[in-house]
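Okay, structure first, notes after.
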Amino acid sequence: MSGQHTDEPVTLVHLVRHGLVHNPDGILYGRLPSFHLSALGAQMAQRLAEFFADHPVAHLRTSPLERARETVAPMAAKLGLDPVVDDRLIEADSVFEGTRVGVGDGVLRAPWAWKYLANPVRPSWGEPYTEIATRMMGAIGAARVVARGREAVLVSHQLPVWVARCYLEHRRLWHDPRHRECAVASVTTVRFVGDRADGITYREPAADLVARAKDRSEPAGRRRMSRVAVGLVATIAAVLLVGGCSEPEAVTRAPSGQPSQAAGFVAGDGTVTVIAPAERRAAPELVGTTLDGRSFDSRTTRGKVVVLNVWGSWCAPCRKEAPELRAASRRLAKGGDVVFVGINTRDVDRAPALAFQRRFAVTYPSLYDPAGKLLLGFAGSLPPSAIPSTLVVDRQGRVAARILGATTTTTLVDVVEEVGSP
């Protein structure tokens, strides 16, 4: 996201979280009907209408839930626009909907609920983050087209707005809910230059009303939910530790080839991790469509060493390493027992990714994975936690090594030869 001068039209898409909801029992209302704005929430909706009154808003779009429609109503009246109801903006689904999600005083004390905490990366208790990102990006894209060169306002909910922001900022989608920057009646604005997202800003037009809510009895359920969220996070952390989600025993090397000071995750600096053969875990099956529209199934590569490179056309380090990967693929492909496959991620449109392949003369196929669904399959082995990342799968179909960040021809060839040696 650059903010450079351009002659292409600039479009602003504002993602608005609805106002405060009347929820005296502090339950997770999710998609349940008949949850309306509180009196203070109605004031927040009016404040949002005043905030956007002087903006060139050409399009309104809202979640179908009552609290979202009640939030958009004052804006519609002020701006003279009819809002479009878009199911893609709805709240995330959850198995805990309608319950109080607490550890000591809620549903999490019930044994039946524990199985749903098994995978916080997906997450196992509700709608997958990748699906939330996909539908939100669809709604954002539709609004951008309608409001091209002007502004659009989309009223949604905290989790969908935050996941969309993480997606656009190329961050991982799973997260600690305590760290979401998305207060009630907040405005997360995505700036588009042409069709390209070029920046994100965050504002709270009703910050004084949000502060007032903390000192009033009306949102007592909301305060209780804040403590509940902390309990949920603590429980999920325990699940991760007990469930064996830590990375397997491995040797981690800094980019220089010397041992690093701390094994484990080092984001995007070229760190190499090689897993001992006895500790390797099976790689997920990768089935999908390549950028040029062909079908791909990783089962066709069995018995060979597979190099998986995760990249995006928007990623500067990916451009830096592309010539290195091309050279490595040519050197290693001579024997016929090493296969290179790319996984293109976070490119909302195929066109920039295809242009990237042409520019850097990439000859091996790349799976198109805009929402990162394929990457989630590596959560139990050695996840590609940075972009670019390169994974090496051994002949037995196990994840054997990972390089976080841009790599070089020499480093990659050395790692592949180490993994492929008898």
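The values are calculated or read from the model by the stated rules, or taken from the named source; none is laboratory data. Since the model is a prediction, treat every value here as computed from it, not as a measurement. Here the Cβ positions follow ideal geometry from the backbone for every residue, glycine too, while neighbour counts run over all protein chains shown.
Brief remarks follow.
- Those residues of segment 349-361 which are surrounded by fewer than 21 Cβ atoms within 10 Å (Cβ to Cβ) and of a type in the set (A, V, I, L, M), in sequence order: Ala351, Leu354, Ala355, Ala361
- Residue that is farthest from the chain's Cα centre (by Cα) [pool: residues in segment 111-126 that are among the aromatic types (Phe, Trp, Tyr) and assigned to a helix (DSSP H, G or I)]: Trp112
- Verdict on Val310 being of a type in the set (Val, Ile, Thr), modelled with pLDDT of 90 or more, in contact with a helix residue (DSSP H, G or I) (Cβ under 8 Å, 6 or more places away or on another chain) and farther than 16 Å from Ile387 by Cβ: no
Each row is one residue, and each column tells you yes or no for (1) surrounded by 15 or more Cβ atoms within 10 Å (Cβ to Cβ); (2) at pLDDT 90 or above.
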{"residue": "Met137", "(1), (2)": "yes, yes"}
{"residue": "Leu159", "(1), (2)": "yes, yes"}
{"residue": "Asp176", "(1), (2)": "no, no"}
{"residue": "His179", "(1), (2)": "no, no"}
{"residue": "Ala185", "(1), (2)": "yes, yes"}
{"residue": "Asp198", "(1), (2)": "yes, no"}
{"residue": "Glu218", "(1), (2)": "yes, no"}
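- In segment 48-80, the residues that are assigned to a loop (DSSP other than H, G, I, E, B) and within 18 Å of Val190 (Cβ to Cβ): His55, Pro56, Ser63
- Flag if Pro74 is crowded, with 16+ Cβ neighbours inside 10 Å and closer than 28 Å to Lys373 by Cα: no
- For the residues Ala386, Ala371, Ala351, Ala333, the requirement of being under 24 Å from the mean Cα position of the chain (by Cα) and without any contact (Cβ under 8 Å) to a residue 12 or more places away in the chain singles out Ala351.
- Condition check for Ala42: at pLDDT 95 or above, surrounded by 16 or more Cβ atoms within 10 Å (Cβ to Cβ) and under 15 Å from Leu154 (Cα atoms): no
- Hits in segment 328-348 (condition: of a type outside the set (A, V, I, L, M), part of a loop (DSSP other than H, G, I, E, B) and surrounded by 15 or more Cβ atoms within 10 Å (Cβ to Cβ)): Arg346, Asp347
- Matching residues, segment 271-314, being closer than 14 Å to Val392 by Cα, of a type in the set (Ser, Thr, Tyr) and in a strand (DSSP E or B): Thr271, Thr273
- Every residue from segment 175-197 that is of a type in the set (A, V, I, L, M) and farther than 14 Å from Leu159 by Cα: Val190, Val193, Ala197
- The lone exception for Arg69 - which of (1) touching a helix residue (DSSP H, G or I) at 6+ places or on another chain (Cβ under 8 Å); (2) within 28 Å of Ala197 (Cα to Cα) it fails: (1)
- Within segment 375-412, being basic (Lys, Arg), in a loop (DSSP other than H, G, I, E, B) and more than 15 Å from Lys304 (Cβ to Cβ) holds for no residue.
- Note on segment 348-399: residues that are acidic (Asp, Glu) and in contact with a strand residue (DSSP E or B) (Cβ under 8 Å, 6 or more places away or on another chain) total 2.
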